[in-house]
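Asker: Have a look at the structure that comes next, please.
The values are calculated or read from the model by the stated rules, or taken from the named source; none is laboratory data. On a predicted model such as this, the values are computed, not experimentally measured, just so you know. Neighbour counts run over all protein chains shown; Cβ positions are idealised from the backbone, glycine included. With ligands, DNA and RNA removed, areas are computed over all heavy atoms of the protein, side chains included. Shrake-Rupley method; radii C 1.70, N 1.55, O 1.52, S 1.80 Å.
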Amino acid sequence: MAGAAHCSLQAKRLLLDPKFEGYKLSLEPLACYQLGLDSAVAEVQLRDDQYTLDHMRAFGMYNYLHLDSWYQDNVYYVDQFGRVMNLSVTLDTALQKPREVFRLPTDLTACDNRLCASMHFSSSTWVTLSDGTGRLYLIKSGKRGSSASEKWEIVFNEELGSPFIIGHSVSFVKSDAHSLAVLLLRVEKDELDTKGSGFHVTLEWVTVAERKEGDQRYEIIKRRVLQGKSVPHYAAIEPSGDGLMIVSHKPFTFMQNESDKLEENDDAKVSNEKKDPLYYWQQTGDDVTITVHLPQGITKDDIKIRFSPDNICVTLKDQSPLMEGKLYSSVDHESCTWIIREDKSLEISLIKKNEGPQWPELIIGDTRGEFIMDSSQCSEIAESLMHLTSEVMNPNPEKENPPCNAQELEECDAFLEDGASLCRFDGDTLKVTHIINLGSNQYLFSVVVNPREMPCFCLRHDVDALLWQPHSDQPENMWEHIATFNALGYVQASKQDKKFMACAPDYSYAALCECLRRVFIYRQPTPLATVLYNRKEGRQVGQVAKQLVATLEANDPILGFQATSERLFVLTTKTLFLIKVNSGN
C-alpha cells in the first residue's frame, strides 16, 4: 500500500436530516402481481466441500435475478434448462409470460462442480454470460427489452479454467478497438493456508478486445489475477477500463508471474541503490514548489518542461522524461513557471487551480519524491490534534459519565467486520492508488443509478445509510455522497433474517427482503396532506417517512431481489413477484 493516497469519504451535510423521527408503519395496500414460471430457476445448492463463510457469501447468497439497468423494468434469470428468460414490464395489469432470449449451449447438469450461471449487462447492446462451468460468453444482444430488435449472438466463448461467477463487466473503446473487461470471482482451495479456512478468493480481470484484422472476432489480450482472503463486498471496473475499485474486509493484491517478479526484484535493487529522492516538493494553500538537483553541465537550453492543467513533463537533454505524469489536482498551467537557482537546482512553481486543499501526493503513483513540511504547517497540525492529547493521565476525574459506554450499545450496533477498506487499483501499474479505511461504516448493498457510471455502494454511517457514487475520472471528487436513507443503517441491523437489500435508482425508497416471504419497504419522507402534531413536544410535523410490509404468497425461499423506480421484483424457485411501490409518471 506504499504510495497510495489515504482518502476519506466526505458526507454532504445538506443530505443529512438530524431531526428525522423514524418510520411510521403504513397499512396502505401494495399492488402485488405474480407470474408462475414454466420451469424452475437454475438454483445450485452448495456442496459439502463448500462449507466456508466465503462460499456462502459468494454462492449461497447469490442474487439469481438480474436487472438490466440500460432498459427500464427489464429483468432476466436462467432456468434449469439453461434458458435465459426475460421479463420486460410496461403495464402491470397486462403482464406477459417470461420469454426465452438465449439458450446456453452446454448441458448444465453434466458438470459436477459447477456454480450458478451468472450474467452482467456491459452496455446497451453487450452482455457477458457464464454457464457456471468455467466458460465465458460475450454476447451481442442488440437493443434489449424489445422482441423485435433483441437477438443474442455469441461473438466470443472460451474455457477460462475453474468455475467462476461474473462480478462486473464494462464495454469501452481503446486504441480504436472495442473491448470488454470482465471480473470473474472464484473461491479456491489454498494448500498453503493451514491455519485459516483453507481457501482463498481470486478476482480475475479479463480484457477481451476486437482483433485488428477487422474480422469482428474477439480475443483475450490481458488476464490479471487479484487474490485475497475474503469475498469482496463490492468490486467494479471503471468505465474506461483503466482501474478497479474493491470494498473488502481483507486486502487484495495482484498475483505476478515469474518474469514480473524478477523485474520487480531488479527494480527493488536499483531503488535501494538510489536512496536519495529524485525531487523535493513543498506546498501552501495556493501553490506547489518542486526542487530538482541538476547534473553537471546542464544549461537552461537543455531543460524542457511541459505544463498542462492536469499533467507535467520534465525532460533534460532529450533524454527520457525525468518527471512525467498526472498531477494530484488541477493547476493554472499558464501561470506555472521555472528557474535555475545558483546552487544548480531546478525550481518549478505550480499554481493550484483550487486553493486550500492539501495534496497528499504530487504526481499520482510517483513515489520518487519527498514532501518537505515547513515549521508553520507542522505547528498547525500539532495544534489541530492538541484537543486529543493531555499531559496528565486522567485530566478530568470529576467526570462521572465517560463519552462512550459500551454497556449502552445495543446488539444491532455491533459489527461483525470492523476494518473493511475501499481500494482503487490502477490497471497499468497494478498497484493501489487510493485507499479508504471504512472502519465501522458497514457495507450494506450496491445499486446502479446511472449505467454509464460505476455502481453506487451504500454504507452505514452512524444510524443512517449513505449512498456513494464513484467518479473514476474526478480525482478530487472520486466518491460523491448522492443520497441518504435516514435511520436505515439502524433499522436493517435489527432484521436478523434479511437476505437482500436494494434501493430505487431515483432514491425514492429502500427495501430489504428476508429469506422467506416478507419484504420491507422504507420510503423517503414526504410532506403531509393533513395537519399532524407531535403530542410530546406540541409541535406540528411537516413530513413523515412510511414503512410498508409486503408478505408474499410463497413457501419457497427468495432467490432474487431487484428494485426499480416504480416496482420491486422478487424471484422464488417457481414464481416471479412484482410489487408496485411507486406509480409511474
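Asker: What is the residue count in the range 506-530 for residues that are farther than 24 Å from ARG13 by Cβ and in contact (Cβ under 8 Å) with a residue 60 or more places away in the chain?
Answerer: Summing the residues that are farther than 24 Å from ARG13 by Cβ and in contact (Cβ under 8 Å) with a residue 60 or more places away in the chain in the range 506-530 gives 3.
The rows are residues; the columns are (1) β-branched (Val, Ile, Thr); (2) open to solvent by 60 Å² or more (accessible area, probe 1.4 Å); (3) touching a Pro at 6+ places or on another chain (Cβ under 9 Å).
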{"residue": "LYS174", "(1), (2), (3)": "no, yes, no"}
{"residue": "GLU191", "(1), (2), (3)": "no, yes, no"}
{"residue": "VAL201", "(1), (2), (3)": "yes, no, yes"}
{"residue": "VAL206", "(1), (2), (3)": "yes, no, no"}
{"residue": "GLU213", "(1), (2), (3)": "no, yes, no"}
{"residue": "ILE221", "(1), (2), (3)": "yes, yes, no"}
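Asker: Can you find even one residue in the range 441-454 that is surrounded by 21 or more Cβ atoms within 10 Å (Cβ to Cβ), touching an Asp or Glu at 6+ places or on another chain (Cβ under 9 Å), hydrophobic (A, V, I, L, M, F, W, C) and within 16 Å of PRO239 (Cα to Cα)?
Answerer: Yes, the range 441-454 contains a residue that is surrounded by 21 or more Cβ atoms within 10 Å (Cβ to Cβ), touching an Asp or Glu at 6+ places or on another chain (Cβ under 9 Å), hydrophobic (A, V, I, L, M, F, W, C) and within 16 Å of PRO239 (Cα to Cα).
Asker: Take the residues in the range 67-78 that are open to solvent by 20 Å² or more (accessible area, probe 1.4 Å) and within 17 Å of THR128 (Cβ to Cβ); name whichever of them is farthest from the chain's Cα centre (by Cα).
Answerer: TYR71
Asker: Take the range 456-502 and flag every residue that is among the small types (Gly, Ala, Ser) and over 18 Å from GLU238 (Cα atoms).
Answerer: Of everything in the range 456-502, those that are among the small types (Gly, Ala, Ser) and over 18 Å from GLU238 (Cα atoms) turn out to be ALA465, ALA483, ALA487, GLY489, ALA493, SER494, ALA502.
Asker: Something else about it: So, VAL187, is that one within 18 Å of the chain's Cα centre (by Cα) and either within 29 Å of TYR77 (Cβ to Cβ) or part of a strand (DSSP E or B) (or both) or not?
Answerer: No.
Asker: How do the strands (runs of 3 or more DSSP E) wholly within the range 1-95 filter down when requiring 3 or more residues that are touching a Ser or Thr at 6+ places or on another chain (Cβ under 9 Å): which remain? Let's see the steps before the verdict.
Answerer: Details: elements: 23-25, 31-36, 74-78, 83-88.
Here the list reads 31-36, 74-78, 83-88.
Asker: Which one is most open to solvent (accessible area, probe 1.4 Å) among residues in the range 106-130 that are more than 13 Å from LEU184 (Cβ to Cβ) and touching a Gly at 6+ places or on another chain (Cβ under 8 Å)?
Answerer: ASP107
Asker: Just one of the numbered conditions (1) within 23 Å of ALA550 (Cβ to Cβ); (2) under 30 Å from the mean Cα position of the chain (by Cα) is not true of LEU9; which one?
Answerer: (1)
Asker: Ok, one more. So, ALA483, is that one modelled with pLDDT of 95 or more, surrounded by 21 or more Cβ atoms within 10 Å (Cβ to Cβ), touching a Cys at 6+ places or on another chain (Cβ under 9 Å) and under 30 Å from ASN354 (Cβ atoms) or not?
Answerer: yes
Asker: Taking the range 81-94 as the region of interest, how many residues are surrounded by 16 or more Cβ atoms within 10 Å (Cβ to Cβ) and not basic (Lys, Arg)?
Answerer: The total comes to 9.
Asker: So if I check each of GLU476, GLU480, which one is assigned to a helix (DSSP H, G or I) and farther than 17 Å from TYR522 by Cα?
Answerer: GLU476
Asker: If you don't mind, there's one more thing I want to ask. Which ones in the range 554-574 are small (Gly, Ala, Ser) and more than 16 Å from GLY36 (Cβ to Cβ)?
Answerer: ALA563, SER565
Asker: Only residues that are of a type in the set (Asp, Glu) and surrounded by 14 or more Cβ atoms within 10 Å (Cβ to Cβ): list them for the range 286-330, please.
Answerer: ASP287, ASP302, ASP310, GLU324
Asker: Same structure again: What are the residues in the range 135-169 that are open to solvent by less than 50 Å² (accessible area, probe 1.4 Å), part of a loop (DSSP other than H, G, I, E, B) and not polar (S, T, N, Q), if any?
Answerer: Answer for the range 135-169, where residues must be open to solvent by less than 50 Å² (accessible area, probe 1.4 Å), part of a loop (DSSP other than H, G, I, E, B) and not polar (S, T, N, Q): GLY142, ARG144, GLY145, GLU150, TRP152, LEU160, GLY161, PRO163, PHE164.
Asker: Only one residue in CYS336, CYS404, CYS423 is farther than 30 Å from PRO239 by Cα, at pLDDT 75 or above and either open to solvent by less than 50 Å² (accessible area, probe 1.4 Å) or not hydroxyl-bearing (Ser, Thr, Tyr) (or both), so which one is that?
Answerer: Values: CYS404 fails: at pLDDT 75 or above; CYS423 fails: farther than 30 Å from PRO239 by Cα.
Every option except CYS336 fails the conditions.
Asker: Might you check whether a residue that is within 12 Å of ILE166 (Cβ to Cβ), in contact with a helix residue (DSSP H, G or I) (Cβ under 7 Å, 6 or more places away or on another chain) and of a type in the set (A, V, I, L, M, F, W, C) occurs anywhere in the range 104-115? Outline the logic, then answer.
Answerer: Applying the first criterion (within 12 Å of ILE166 (Cβ to Cβ)) to the range 104-115 yields 115.
So of that shortlist, the ones also in contact with a helix residue (DSSP H, G or I) (Cβ under 7 Å, 6 or more places away or on another chain) come out as 115.
Remaining after also requiring of a type in the set (A, V, I, L, M, F, W, C): 115.
For the range 104-115, residues within 12 Å of ILE166 (Cβ to Cβ), in contact with a helix residue (DSSP H, G or I) (Cβ under 7 Å, 6 or more places away or on another chain) and of a type in the set (A, V, I, L, M, F, W, C): present.
Asker: Confirm whether SER349 is polar (S, T, N, Q), touching a Ser or Thr at 6+ places or on another chain (Cβ under 8 Å) and more than 30 Å from GLN474 (Cα to Cα).
Answerer: So SER349 does not fit the description; no.
Asker: Which members of the range 499-529 meet the condition of being of a type outside the set (A, V, I, L, M), buried (at least 16 other Cβ atoms within 10 Å of the Cβ) and assigned to a strand (DSSP E or B)?
Answerer: LYS499, PHE500, CYS503, TYR509, CYS513, GLU514, ARG518, PHE520, TYR522, ARG523, listed by residue number.
Asker: Right, here's the next one. Which of the residues spanning the range 426-470 are modelled with pLDDT under 95, among the hydrophobic types (A, V, I, L, M, F, W, C) and assigned to a strand (DSSP E or B)?
Answerer: Hits for the range 426-470 are VAL432, ILE435, ILE436, LEU438.
Asker: Here is a check on your reading of the model: is ASP374 surrounded by fewer than 13 Cβ atoms within 10 Å (Cβ to Cβ), within 26 Å of CYS7 (Cβ to Cβ) and either touching a strand residue (DSSP E or B) at 6+ places or on another chain (Cβ under 9 Å) or at pLDDT 85 or above (or both)? Working first, answer last.
Answerer: Working: surrounded by fewer than 13 Cβ atoms within 10 Å (Cβ to Cβ): yes; within 26 Å of CYS7 (Cβ to Cβ): yes; either touching a strand residue (DSSP E or B) at 6+ places or on another chain (Cβ under 9 Å) or at pLDDT 85 or above (or both): yes.
Yes; evaluated as a whole, the condition is true for this residue.
Asker: Kindly evaluate ASP17 against the criterion of being open to solvent by 70 Å² or more (accessible area, probe 1.4 Å) and either over 30 Å from ILE363 (Cβ atoms) or β-branched (Val, Ile, Thr) (or both).
Answerer: Against the criterion (open to solvent by 70 Å² or more (accessible area, probe 1.4 Å) and either over 30 Å from ILE363 (Cβ atoms) or β-branched (Val, Ile, Thr) (or both)), ASP17 does not qualify.
Asker: Select from the range 342-371 the residues that are open to solvent by 50 Å² or more (accessible area, probe 1.4 Å), at pLDDT 85 or above and among the basic types (Lys, Arg) and write down the one among them that is farthest from ASP301 (Cα to Cα).
Answerer: LYS353
Asker: Ok, one more. Considering only residues that are within 30 Å of SER565 (Cα to Cα) and open to solvent by 30 Å² or more (accessible area, probe 1.4 Å), look in the range 46-59 and name the one that is nearest to the chain's Cα centre (by Cα). First the steps, then the outcome.
Answerer: So in the range 46-59, the residues within 30 Å of SER565 (Cα to Cα) come out as 56-59.
Okay, now just the ones that are also open to solvent by 30 Å² or more (accessible area, probe 1.4 Å), so 56-57.
Numbers: MET56: 20, ARG57: 17 Å.
So the residue we want is ARG57.
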